[in-house]
Amino acid sequence: MRFDQPADPNAADQGRVLGRPHARIDGPLKTTGTAPYAYERHDVAVGQLVGYPVVSAIAKGRIKAMDTRAAEAAPGVVAVITTLDREPLPKARMNVVHLFGGRDIQHYHQAIAVVVAETFEQARAAAALVRTDYHQDPDARFDLAAERRAHQDDEVEPASRVGDFDSAFQAAPVKLDATYSTPGQCHAQMEPHASIAQWKDGTLTLWTANQMVAWSRKALAKAFDLPLEKVRLDSPYIGGGFGAKLFLRADAVLAAVAARATGRPVKVALPRPMIANNATHRGLTIQRLRIGANEDGRITAIGHDNTTNTPPGGGGEEATIPTEHFYAGANRLLVHRPLEMHLPESNAMRAPGDTAGQMALEVAMDEMAEKLHMDPVAFRVLNDTQVDPGNPERRFSQRHFVECLERGAREFGWSKRNRTPGGRRDGVWLVGHGMAGAYRGSPAQASGARVTLKPDARVRVETDMTDIGTGSYTIIAQTAAEMLGVPLEAVQVSLGDSDSPVSAGSGGQWGAASATAGVYAACLALRERIAERLGAEPGDLAFEDGQVRHGGETTPLAGIGGDGDLVAEDRIEFGDFRDKDYVLATFASHFVEVGVHAYTGEIRVRRMLAVCDAGRILNPITARSQVIGGMTMGVGAALMEELKVDTRYGFFATHDLASYEVPVHADIGEQQVIFLDGEDPCSSPLKAKGVGELGICGVSAAVANAVYNATGVRVRDYPITLDKFLDRLPRPA
Amino acid sequence: MRAFTYQRAASPQEAALAAAGTDHARFIAGGTNLLDLMKIEVETPTHLIDVNGLGLDTIEATDDGGLRIGALVRNTDLAADHRVRRDYGVLTRALVAGASGQLRNKATTGGNLLQRTRCPYFQDTNMPCNKRQPGAGCAAREGASRQLAIIGASEHCIATHPSDMAVALRVLDARVETIDGQGRTRHISLADFHVLPGETPHIESVLEKGELITAVTLPAPPGGRHFYHKVRDRSSYAFALVSVALVLRADGSGRVALGGVAPKPWRDERAEAALPRGAGAVIERLLDGARPTQENRFKVTLAERTLAAVLAEAKE
């Protein structure tokens, strides 16, 4: 079905199952360790071998030679396949660097061989025996700050230009001009990239952990020059993705190459110390923010100039994204400068662009409010806009940002905040309060599903949609239960199989709204099938309690299709009115209280509050979990996470989970999430939007602003570790 | 991980004898550090001698009023021992500040003393590291050195010793008890146990080939109030940027050792004389001669401020 205009009241509005707080239906499988994750699917193919990657020891250059003799002679080894054995595998559009093949080294820890053996231990031991000679290319660039200095005067076509920024900024009575930096960040998802590959009768099957089954199926077909129907992916459970598993990665390619070479199924997982450099990361940024305002606080000019790293051909971290639409202001200039460097591949990580961008923008807003002697909440309220600031014809479909701010301020007790930076003590702790706004676009993607009504009135939903820990299984089951009037327990959901209808997949926080809309469409199609059976008009039917009411009659769903299944399939396609006539986005406010140890500078988050505006919340439990997770990740980005670049060797030195620190429970006291009641008819038939990426946006800035408020010291270089402000932290009396 | 042979020794002396007579042998106790390093081939022993099950896992009172802690006593058990909690509080505090519950359940007293540095260049076999490969050079000195040593290091190595437990043991004047293959025992003051890197950073302790730690002994309780303040980038499961172990007596005298700043627990008894004059005076003496990198210069300030925090806490 087409979604060509804002949704009317419809069958999904009843709120019997949708919108209710159901615990995730896949929870028991996960808490009992019985959900089959990719690497542990021992039952899907007989005779599995294990592949262990060999990765490059240099960041840029060429391989002169590889000696695999010792590895081949090692116990249990079945095959050693090197990058010299083949030309680079054709890569899909979404990948920036080549994943395997050829002599060229594009980045540190690039996969250059896979050693295949009967056991993991044998493969790992033999992999260490592969000897590689390199020719290092001295013409390599690893230092973003140095590259920025070299390119700061380059003429770049602005990403967006509205009005006359330069003149307006010049003329503004109150101005801020500040530069912020954010480091590379690692998704650090719990489950590493992992795949099992099998070639059988010309078909390549991949049991894997992938967020976007259809994209990666295509990418795999391209890599191995296969027709699409000769490639199958199955990715039912994914132990975290955050963008790390959006695209085909080396685990999949190495498994497929090795399985073809050995004629047996092969599984490959990326060892943790390889993930940071072999796979993708959120790119580094250096961002200059300039904001000009009138004395009354109205923004007149806003400029955002972002520099970021990318391998040749990529886009880097597009941190200017939030500044395009978030706040009012007649004169705007956004410049995005992806600089070609030779670090590993920067690519999507949770709310790409927006996360890093708001780490800077929302601190700049705080600094600007201070210059204006305004409450930062009031400053944001004043500069709210209900239309696209660059094109006032386009309205926000829904924008309750002001309500997020005001509700948050009330619930948090913002009026009782510390008003003097560095001025409040609680024992040895300096106490500070900070807030930030949050913005994330709300795109949608076409999404299909097949729904089957069984003779016993059980319902099966099949779609290649993925659940990366987000709750997709549950909200999809809720959608079918709502639409067909059956209990949630009667719905069985199959996800992640490329044999199922193609869905939106999990990315860009479009998954929840898009995939449930696809299931809605398929359920409507099934209702038509049922109506045919009953000789009734679909619109005259009411589905409830496992029965269909039509006219004065009630028919049980059980047996309505006789002894057979009733099957219907459909797909939702989103019309361009969403983007042409409207801006669709999600909003939040974040409020944070931190304690900063007055002596040592140790930072602890005492409490956090998020107030979110994201249309209809399909399941408050799973949505809350997503936002809590995003807030936690935002604390990590603010205070500790950093892929530390060694600018001499060109690699991320913090490439394990001991050195790349993410928050622990003890770092954060209390987290609270409030969802505003709302429905956005422009978003989808279910009037829902995503929250998974909204949850991380703005969080780090709120923490940073709270640290400033606690200490009186502004740090513009993330992560805010104590070494960056200790020498400026007043000594306790 | 390379293939290795494995042996379960029947006695400490047998274990020591086996280690002395076998090239590339390592003792394995809890394995929390050794196994990780074997997986990434930073450690490549060809023979492992298992010293679990040798009866080295008890804590006993000594005749001089102290404690004898078996080398295989797990960190969790040591931290929870009522005598340790009562009389050597700094040790319990340091232990529970280290690693995670799961790791402390496995990690042993002897193994903790011998754990290897967390320097990122030591952990990545593609990088030059004199500790891993003598003569290869040190990538850390001009690299990612934020976590690394500011004192006691050399131009060949700036690794820190990662242990919290050892810092507490240092202020408690602990001694390390060992046995060799001939059954000879010796007692080594913890002050002398770890050696500074100099030109031989691959040598980290005074242990001879095959010499096995059998126990750590503590003298009679030092009295005073005990503190351990560990500063790190997150609240748990992270190595110290700086840690301070302090035993402070009512008259203002006391003992101080620092973790996270040097290749060994860092203590200088002469600096302790300055305790009544405050943290600045102590640290000035204790870190005299520090040669920090640009990235870890903050540790000098942090050490002083952390000691000041502990001294302020002691006044409350």
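The values are calculated or read from the model by the stated rules, or taken from the named source; none is laboratory data. Because the structure is a prediction, the values reported are computed rather than measured. Note that we place each Cβ from the backbone using ideal geometry, even for glycine, and neighbour counts take in every protein chain shown. Remember, those area values only see protein heavy atoms, side chains included, never the ligands or the DNA or RNA. Shrake-Rupley method; radii C 1.70, N 1.55, O 1.52, S 1.80 Å.
Numbers below:
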{"read-out": "Percent carbon-and-sulfur accessible area, chain B, ignoring ligands, DNA and RNA, probe 1.4 Å", "value": "47"}
{"read-out": "Debye, to nearest 20: dipole size of the stretch B:1-133, +1 on Lys, Arg Cβ, -1 on Asp, Glu Cβ", "value": "440"}
{"read-out": "Surface/4 estimate of mean projected area, convex hull on alpha-carbon atoms of the stretch A:145-207, nm²", "value": "10.4"}
{"read-out": "Alpha carbon convex hull of the stretch A:188-326, projected area averaged over orientations, nm²", "value": "11.4"}
{"read-out": "Furthest towards positive pole of dipole, A:GLN445, B:THR76, B:LEU37, structure part the protein assembly as shown, Cβ charges", "value": "B:THR76"}
{"read-out": "Computed over chain A: relative contact order in percent, which uses C-alpha pairs under 8 Å that are six or more apart", "value": "17"}
{"read-out": "Helix-derived mean residue ellipticity, 222 nm - over chain A, DSSP H n ≥ 4, -39500 (n - 2.57), to 500", "value": "-7500 deg cm²/dmol"}
{"read-out": "Computed over chain B: relative contact order in percent, which uses C-alpha pairs under 8 Å that are six or more apart", "value": "18"}
{"read-out": "Selection from A:LEU618, A:PRO663, A:PHE675 lying farthest towards where the dipole of the stretch A:597-682 points positive, charges on Cβ", "value": "A:PRO663"}
{"read-out": "Space enclosed by the convex hull of the alpha-carbon atoms of the protein assembly as shown, per residue, Å³", "value": "179"}
{"read-out": "DSSP-defined beta bridges in the stretch A:414-540 - what % are antiparallel, rounded to 5", "value": "60"}
{"read-out": "Relative contact order (%) - criterion: Cα under 8 Å, at least six apart; region: the stretch A:1-128", "value": "31"}
{"read-out": "Subset of A:LYS60/A:LYS644; A:LYS60/A:LYS267; B:LYS39/B:LYS106; B:LYS131/B:LYS299; B:LYS230/B:LYS315 violating a 25 Å alpha-carbon distance limit", "value": "A:LYS60/A:LYS267"}
{"read-out": "GNM result for chain B, Cα springs below 10 Å: residue of B:ALA245, B:ALA79, B:ALA273 fluctuating most strongly", "value": "B:ALA273"}
{"read-out": "Whether the stretch A:627-733 is rounded, prolate or oblate, judged on the alpha carbon gyration tensor where a/c under 1.5 counts as rounded", "value": "oblate"}
{"read-out": "Overall form of the stretch B:189-250 per C-alpha gyration tensor (a/c, 1.5; a/b vs b/c)", "value": "oblate"}
{"read-out": "Options A:GLY546, A:PHE396, B:VAL242, ranked by Cα towards positive dipole end of the protein assembly as shown, top entry (Cβ charges)", "value": "B:VAL242"}
{"read-out": "Gaussian network model of chain B, Cα within-10 Å springs - most flexible of B:LYS39, B:LYS230, B:LYS131", "value": "B:LYS39"}
{"read-out": "Chain B: C-alpha gyration tensor shape, a/c 1.5 cut-off, then a/b vs b/c", "value": "oblate"}
{"read-out": "Cβ charges +1 (Lys, Arg) and -1 (Asp, Glu), total dipole of chain B, debye", "value": "720"}
{"read-out": "The stretch A:355-489 - convex hull of the alpha-carbon atoms, volume per residue in Å³", "value": "214"}
{"read-out": "Per-selection Rg to Rh, the stretch B:1-43 - Cα, Kirkwood hydrodynamic radius", "value": "0.98"}
{"read-out": "Separation of alpha-carbon centers, the stretch A:559-581 and the stretch A:103-126, rounded to whole Å", "value": "45"}
{"read-out": "Candidates B:ALA159, B:ALA16, B:ALA71, ranked by Gaussian network fluctuation over chain B, Cα under 10 Å, top entry", "value": "B:ALA16"}
{"read-out": "Kyte-Doolittle mean at least 0.5, axial Cα span of 24 Å or more - DSSP H helices of chain B", "value": "B:298-315"}
{"read-out": "10 °C / 1.306 mPa s Stokes-Einstein diffusion coefficient of the stretch A:1-107, Kirkwood radius on C-alpha pairs, µm²/s", "value": "79"}
{"read-out": "Within the protein assembly as shown: Cβ-based charge dipole about Cα centre, in debye rounded to nearest 20 (Lys, Arg +1; Asp, Glu -1)", "value": "1960"}
{"read-out": "Euclidean distance between Cα centres, the stretch A:179-236 to the stretch A:1-72, Å", "value": "8"}
